[in-house]
Amino acid sequence: MTKLFLSHSKPLKANIVIPFLNDLSLLTFPYWFDRDVISCGEDIYTRIIEGINISSHCIAFIDDTYLHREWTLKELELFREKEIHTQSTLIIPIYCGIQKETVYKTIPWLKNRAFEKIERNIYEVGERERIVCRVINRLLDEIDVSADISILEKLLVHNSVLPFYDVLYTLYNSKYYLSSDIRLSCIELCNILALLSVIYNILNIPKNSFKNSLFKLPFYIKEIALNKSDYLYYDFIVVLKRSINYAVMELLQFLNS
């Protein structure tokens, strides 16, 4: 099960981490956050170990304070041990108001690892949503999902059993999702993914927590497209296309079984 462990220093909690986890909540994405699970009087180390054990990935919000705190570095060290044990890349670093060279002096093994960057200790407009989508794209990497939505052609062969076949056919063949207008492209891809979610419900196809979160993306990204279109990024198009591809692959397996 995908669950994100949010590792951070105290100064980043209010302006960076909590807005990020609020977006995860909108997408019903499972996460582990210290304030949610550690109560007064509890052993911090034990609870952190429990959080790491039940989390699949670590989102490390790294600023200068992070590099000088025992607990944050310990969290990262424990997750690094989990990476080595599982032979997987599980840590996704986000550098907040700090240069990568400064990070590498304290955590040299992060060198050459791709990272996200927030220039200041507060998000610019649209920056948080872009990073959320890039994190989801990173998770989709692990299941080898492409951004090729021509897979819909294979699905449209099942016209006799596919709910809302005519609507899906029209959405796909209109090709508005290929528009040079990123706003129009995003909205049309949102419409396709939202329709696939409805089809899943009608056919009673089970959704795991990760897929359920992907089906929340149309509402999340369409809000940006309609109200903050100047801050749309290509990352939104990629995550929508990959989510469509993933949903269609599972749907084809169900229809062919």
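Against the condition at pLDDT 95 or above and among the aliphatic types (A, V, I, L, M), how does VAL103 come out, does it pass? For VAL103, the condition - at pLDDT 95 or above and among the aliphatic types (A, V, I, L, M) - is met. In the range 184-202, the residues that are in contact (Cβ under 8 Å) with a residue 40 or more places away in the chain reach residues that are among the basic types (Lys, Arg) with C-beta atoms within less than 6 angstrom, at least six apart or across chains, in these pairs: CYS190/LYS222. For LEU240, the criteria (1) modelled with pLDDT of 95 or more; (2) surrounded by fewer than 17 Cβ atoms within 10 Å (Cβ to Cβ) hold in every case but one, which is (2). There is no residue in the range 58-70 that is of a type outside the set (S, T, N, Q) and at pLDDT below 90. For the range 139-183, name all the residues that are farther than 30 Å from ALA114 by Cα and in contact (Cβ under 8 Å) with a residue 24 or more places away in the chain. Listed by number, the residues that qualify are LEU152, LYS154, LEU155, HIS158, VAL161, LEU162, PRO163, PHE164, VAL167, LEU168, LEU171.
Note on the range 194-209: residues that are closer than 17 Å to LEU24 by Cα and in contact with a Pro (Cβ under 9 Å, 6 or more places away or on another chain) total 1. Considering only the range 29-44, I want to know if a residue exists there that is over 24 Å from ASN137 (Cα atoms), modelled with pLDDT of 90 or more and not hydroxyl-bearing (Ser, Thr, Tyr). No, there is no match, as no residue in the range 29-44 is over 24 Å from ASN137 (Cα atoms), modelled with pLDDT of 90 or more and not hydroxyl-bearing (Ser, Thr, Tyr). Cβ-Cβ contacts under 8 Å between residues 6 or more apart (or on different chains), taken from a first residue in the range 239-257 that is outside the structural domain of TYR169 (by TED's automatic domain parsing) and assigned to a helix (DSSP H, G or I) to a second residue that is among the aromatic types (Phe, Trp, Tyr) and buried (at least 20 other Cβ atoms within 10 Å of the Cβ), are absent.
The values are calculated or read from the model by the stated rules, or taken from the named source; none is laboratory data. For clarity, every value in this text was computed on a predicted model and none was experimentally measured. Here the Cβ is made from the backbone with ideal geometry for all residues, glycine too, and neighbour counts use every protein chain on show.
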